[in-house]
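The values are calculated or read from the model by the stated rules, or taken from the named source; none is laboratory data. In this text the structure is predicted, and so the values were computed from the model without any measurement. Counting neighbours? That spans all protein chains shown, and the Cβs are built from the backbone with ideal geometry, glycine included. To get the accessible areas, we keep the full protein, side chains included, count just its heavy atoms, and leave off ligands, DNA and RNA. Shrake-Rupley method; radii C 1.70, N 1.55, O 1.52, S 1.80 Å.
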Amino acid sequence: MKTESAKGHTATMILAVLDSGPLHGYAIAREIERRSDNLLTCQEGILYPTLRSLEREGLVLAQWEIQSSGPARKIYTLTEAGKGALAERTQAWRQLQQAMTGILGGLAS
Amino acid sequence: MNNERNPQIEQYLDRLCEELKALPPEVQAETRTEIGQHLYSLAAMQRDPKRIVESALRQFGDPARVGQALAREWEEDAWDLSQLSLRERLEKIRAAIELESPPPHPSQRIIMGVQLYLLFGALSIFGAHGAGLPPHGEWTWLGIAALGVYAVVGLTSAVIEWQRAEPRGPLRKSRAYSGALGRAAASFWGPALILSPQQGHNVVFLLFALTLVPAVFNRFEPSRRARLATDSTMIFGGILGMMFALVAFVSIYFTGVPSLTWLLFPLGYIANRWLHKKPLLARRRVAP
């Protein structure tokens with residue numbers, strides 16, 4: 001499953017990854033790959049417009065942080081509103097998953 | 001990540017940041033830094049040493065599209081003029097027009113240069129005709145031929161513009177189609193005005209109205225930047241039109257148009273030079 005299947009869910013995946021703690025853009029991309037066992041990959045340029053959109057909606061907070069070694073990096077943190085949005089999206093996804101399981105399970109039997 | 005700059009990555013960032021040039025400088029700088037860090041990290045983890053940078057850039061995606069997507073996200077905040085001084089507003093309007101007018105295809109630049117020479121050449125011939133050349137002589141036919149070629153190459157330019165529409169080309173469909181229509185109309189209203197200054201005015205006005213169609217198309221663009229650029233262009237266009245009308249009136253009233261058209265030939269050269277940033281027939285520099 002490559003880009004096409006993941007399209008449209010990038011924002012949800014970012015919110016889910018940030019739920020574990022603040023990360024920078026590159027780390028978000030790697031974490032999505034790691035959690036999906038490299039099944040989900042997207043063109044990483046998409047991440048930044050999506051992050052900006054989430055920031056405008058107040059779902060994530062972006063801050064430049066000085067690192068102990070190396071240059072400052074922009075770190076993204078999930079806000080309270082972001083946590084709420086993630087809960088809603090997770091719920092919606094589970095409902096869709098249940099519905100799809102019902103349909104596909106029926107076909108398999 | 002080491003501190004060495006990679007020319008390919010820097011070129012990629014340059015292209016991406018071209019799409020952001022209307023945003024505040026600090027936003028551009030931060031975006032470049034952030035995406036640069038990502039790309040250098042990505043290049044550092046690639047396994048194939050021969051294709052490190054290529055695969056990193058491929059994984060990141062087309063720089064123009066990433067830049068455009070980022071610009072759209074910033075746009076709503078960036079194109080609000082309400083809190084700006086007059087100078088800042090004018091600067092912002094200039095940037096909006098520049099971004100909404102992507103550079104023409106290289107062949108269209110050449111066509112525009114050729115058209116300028118043909119148009120002003122024909123104007124000079126007809127100006128001389130008015131000043132004493134025999135009517136319907138070979139010079140007159142040469143002038144008509146020049147205007148015919150002007151119209152044909154103008155239509156070629158319109159076809160090129162049409163073909164630049166996505167997904168084949170770099171322009172949004174509405175902009176490419178309206179641009180093509182504008183170019184096609186402009187191919188005829190110049191010759192019509194010159195060849196039929198008396199009866200041709202109605203045709204000219206109709207064709208000139210057609211050249212305004214692109215502005216109307218762009219008016220319905222959802223982006224605030226496109227609307228700002230279109231509104232400003234129409235206002236500036238109106239002011240320029242009034243200035244032209246005034247100059248034409250003064251010139252006809254006091255001196256007669258034909259005697260002044262000789263002056264247009266050097267103007268054509270200057271316009272062409274401005275268009276190309278160098279003369280059309282400049283000697284090419286050979287790379288060492």
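Annotations
- Per-residue average of Cβ from other chains inside 10 Å of A:45-55: 6
- For the chain pair A and B, the interface hides roughly 1900 square angstrom of accessible area in total, found with a 1.4 Å probe.
- Taking amide hydrogens as placed 1.01 Å from N in the peptide plane, the amide H of A:HIS24 sits under 5 Å from those of A:TYR76, each at least 5 positions away in sequence or on another chain.
- Taking every residue in B:68-75 and counting other chain Cβ atoms within 10 Å of its Cβ, the average works out to 4.
- Listed by chain and number, the aspartates and glutamates whose C-alpha is less than 15 Å from the C-alpha of A:LYS74, apart from same-chain residues fewer than 8 away, are A:GLU55, A:GLU65, B:GLU26, B:GLU30, B:GLU34.
- Per residue solvent-accessible surface (Å²) - the range B:1-123, probe of 1.4 Å: 56
- Near A:VAL60, the amide H atoms lying under 5 Å from its own belong to A:GLU55, A:THR79; only residues 5 or more places off or on other chains count, and H is placed 1.01 Å from N.
- Residues of the range B:23-47 buried by at least 10 Å² of accessible area upon assembly of all protein chains, compared with the chain on its own (1.4 Å probe): B:GLU30, B:THR33, B:GLU34, B:ILE35, B:GLN37, B:HIS38, B:SER41, B:LEU42, B:MET45.
- The portion of the accessible surface of the range A:10-107 made up by carbon and sulfur, rounded to a whole percent, is 55 (1.4 Å probe; DNA, RNA and ligands excluded).
- Scalar couplings 3J(HN,Hα) for the range B:86-98, obtained by applying the Karplus form with A = 6.51, B = -1.76, C = 1.60 to θ = phi - 60°, are 4, 4, 5, 5, 4, 5, 5, 4, 4, 5, 5, 5, 4 Hz; x denotes Gly and Pro.
- B:ASP80 - accessible surface, heavy atoms, 1.4 Å probe, Å² rounded to 10: 70
- Nearest 10 degrees, 0 to 90: helix A:25-35 Cα axis against chain A principal axis: 30
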